[in-house]
1. How many percent of Cα pairs in region A:195-329 exceed 19 Å?
2. What size of dipole, in debye to the nearest 20, comes out for the protein assembly as shown about its Cα centre when the only charges are +1 on Lys and Arg C-beta atoms and -1 on Asp and Glu C-beta atoms?
3. Obtain the nm distance between the two label points defined at A:Ala319 and B:Arg332 by a simple spin-label model: each point lies 7 Å from its Cα along the Cα-to-C-beta direction.
4. Show me A:163-176, B:374-387 ranked by packing, highest mean number of other Cβ atoms within 10 Å first.
5. Using 7 Å Cα-to-Cβ label points, what is the B:Ala237/B:Ala127 separation (nm, one decimal)?
6. How fast does region A:257-406 diffuse by Stokes-Einstein, in µm²/s, taking the Kirkwood radius from C-alpha pairs at 10 °C and 1.306 mPa s?
7. Shortest first and in nm with one decimal, please list how far the A:Pro188 label point sits from its counterparts in the other copies (point 7 Å along Cα→Cβ).
8. Compute the projected area of the convex hull of the Cα atoms of region B:266-318, averaged over all viewing directions, and report it in nm² to one decimal place.
2 protein chains.
Amino acid sequence: MSIVVQKYGGSSVSDAEAIKRVARRIVETQRAGHSVCVVVSAMGDTTDELMDLAEQVTPAPPARELDMLLTSGERISMALVAMAIAQLGAEARSFTGSQAGVITDDAHGAARIIDVTPGRIQSALAAGHIAIVAGFQGVSQTTKDITTLGRGGSDTTAVALAAALEADVCEIYTDVDGVFTADPRVLPSARKLDVLSMEEMLDLAANGSKILHLRCVEYARRYGIPIHVRSSWSQRAGTWIKDNPYEGEGAVEAPIIAGIAHDRSEAKITIVGVPDRVGVAAKIFGAIAESGINIDMIVQNVSAAETAKTDISFTLPQADGARGMQVLQSIRHEVDYADLRLDDKIGKIALVGAGMKSHPGVSAKFFGALAEAGINIEMISTSEIRVSAVTRAEQLDDAVRAVHTAFGLDSADEAIVYGGTGR
Amino acid sequence: MSIVVQKYGGSSVSDAEAIKRVARRIVETQRAGHSVCVVVSAMGDTTDELMDLAEQVTPAPPARELDMLLTSGERISMALVAMAIAQLGAEARSFTGSQAGVITDDAHGAARIIDVTPGRIQSALAAGHIAIVAGFQGVSQTTKDITTLGRGGSDTTAVALAAALEADVCEIYTDVDGVFTADPRVLPSARKLDVLSMEEMLDLAANGSKILHLRCVEYARRYGIPIHVRSSWSQRAGTWIKDNPYEGEGAVEAPIIAGIAHDRSEAKITIVGVPDRVGVAAKIFGAIAESGINIDMIVQNVSAAETAKTDISFTLPQADGARGMQVLQSIRHEVDYADLRLDDKIGKIALVGAGMKSHPGVSAKFFGALAEAGINIEMISTSEIRVSAVTRAEQLDDAVRAVHTAFGLDSADEAIVYGGTGR
């Protein structure tokens, strides 16, 4: 019997009615002949409400206790989903992350899964039960304390369980019909993609696509788990993300452009007047890395020959902007730069597609479309299957529209956005 | 170092402010030189809100999933209490019932504690941390599923942990200053008791005193754990409940009357015209016991000689009234009684005191006080240290007042009731 792992986000289980709807879908999947393991997020606003309670008690909650608090959210939703399934005459059993065997390191708030030992889930499935598992949480291998996985945690739980159960597919349910050529909230003319390679999805996720978290896609690629992104509100087929969709039996031709991602959550730091000598970049980015800040694009201007000075710009999450500045100030005596500038009004647009490799001229067309729309490019970065650019934040939506149209991605049908977004 | 177990109910942790207040009290206890293990209930209305969610999903939630749902309540409160303690500069670690080693049978919703293995709590205390434990919950020894202990569960958790940790005292915090001679909500002139024997507390609890659940007192007596019932809102000494408080060093004389309990939650079933022959009572109460209904008082009238028929009345929880009637109807062909009557408008009043043993005439004075207040007695039951009577429900408060005054228990000071009641 095939094993299906399904993941429902917070908006899919936002209240009793939504939970009953999801339960019907789960039971239908079982009755179609599958073994079903379901991963759920906390209901709608539960996590925000719990965070609010914590803030009322202390401005600096200990991470271990915050994890204990927040994990009650999935406990509530999973028990309710199991109850709703029982009401439909099927058997369900809910399991915490710990009970489901999601073993993590002890980095509270951002734990990494290091093993999955799903013995209890396998027993439940073998008994013909539907297993409901709390997303986003696990148990530390060393301290046995409850941990949370941080952003994208529930999707990652689903993929990790799918890998451990050797599932046939991991279905990620969301509030749109799949992965689109651009965010349908910004661009209603965006077109739904039927298939996508793991690499394309990785690049889209890394460049701001919110549909799947980078971490979950990385996990799926490592273990070869096909992901089916679809809506819990419709019965339509969604987007399949798998290895080599453009090769072998049933293959389609790789499109030049799979989609456009955009991101408004980054900031840019420019280090002005850096001495142009060996080891300076290593010193700067070594210090940044040590502080745990993830940087994305880096651009270094050509050195002005007469001064032997250069400017270095890089992007980092806005939330880390102030800390990034502090780190750089602390190494000023070693690097001897002239000035530091922080700019958090930037936007990032990325064009992703496996077919790009064999089609020269994609970058030129991309820059041309932006120029024609009157959008100035501040930074550029490219890879084999991606080209991305930094613009002013307020021009970002225009940039997405212009590039989408230039590459002929517009659809005649308007994309449907069914609800809010979950965790 | 002495070990103190403290238990705070739902009203003591009803919101962020209440939680901070409780945290201060806990930290003061540690700073006074004790190792502190704290048991908490769910915040104020959390349990009711979760029950309400379950009812929205299904009228008949599976017991296993209901336990999974409800146990999230203590998870929230205990994490918040631990955070509030951290904010005060002390170290706290919260533990679920399962993590704290509260092992139960698998009777979901009303599980019994069969073992406590508090290794993690002992490690936390040894490290100088304050341990915060979720009350009301445990883990099944056989299925490893999460269980709840049912009514009085958090108090029982506290006493069970106190026993396993060999604590010096189990402090039960509530919204009154201790155990009173009568319920101070009904009788503001009730007097606080300084000490009470385990047996007296058992009889008070068994007869409707809400201050401690019967189960928790039984556990404390079995393991010889002194209980100190006190208010979380004041610093006054409360009521000590211990073995033999009226013997040995520092003993006080056993008062004739320790207190008056009352109960409005019972119903009475009368079986009219029962053949007066051997084995009939065994048949009736065997069938009732088999159905899992707990009965309290039983009264059998003298048989009318000419008919060889008798009437049998007994009390049982109101919630079980309809089921009790069904059980009796199902054995009518065996018992051959004339009629069945259910009366759920009764009240029960009980007078409890270890000193009663050596003072004849207590019953006479009790009945005299009720008669003088114009209250009719419908059933009577006595034990060595207790005399109880059933009256009309609407006369119960008058009965408590009359008896309280007759036995000289009235205090000049008005008892303080600080808040609502928790689980």
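1. On the way: 5713 of 9045 pairs.
The share of Cα pairs beyond 19 Å in region A:195-329 comes to 63 percent.
2. On the way: 78 positive and 108 negative charges, 110 e Å.
With only Lys, Arg, Asp and Glu charged at Cβ, the dipole is about 520 debye.
3. Taking the simple label geometry, A:Ala319 and B:Arg332 are separated by 6.9 nm.
4. Working: A:163-176: 22.1, B:374-387: 16.2.
Packing order, densest peptide first, comes out as A:163-176, B:374-387.
5. Going from the B:Ala237 label point to the B:Ala127 one covers 3.7 nm.
6. Details: Rh = 16.4 Å.
For the chosen part, D equals 97 µm²/s.
7. Here the equivalent label points are 6.5 nm apart from this one.
8. Working: hull surface 14.1 nm².
Mean projected area for region B:266-318: 3.5 nm², to one decimal.
The values are calculated or read from the model by the stated rules, or taken from the named source; none is laboratory data. As the structure is a computational prediction, the values presented were derived from the model and not from experiment. Backbone-built Cβ (ideal geometry, glycine too); neighbour counts: all protein chains shown. Surface areas here come from the heavy atoms of the whole protein model, side chains and all, with no ligands, DNA or RNA. Shrake-Rupley method; radii C 1.70, N 1.55, O 1.52, S 1.80 Å.
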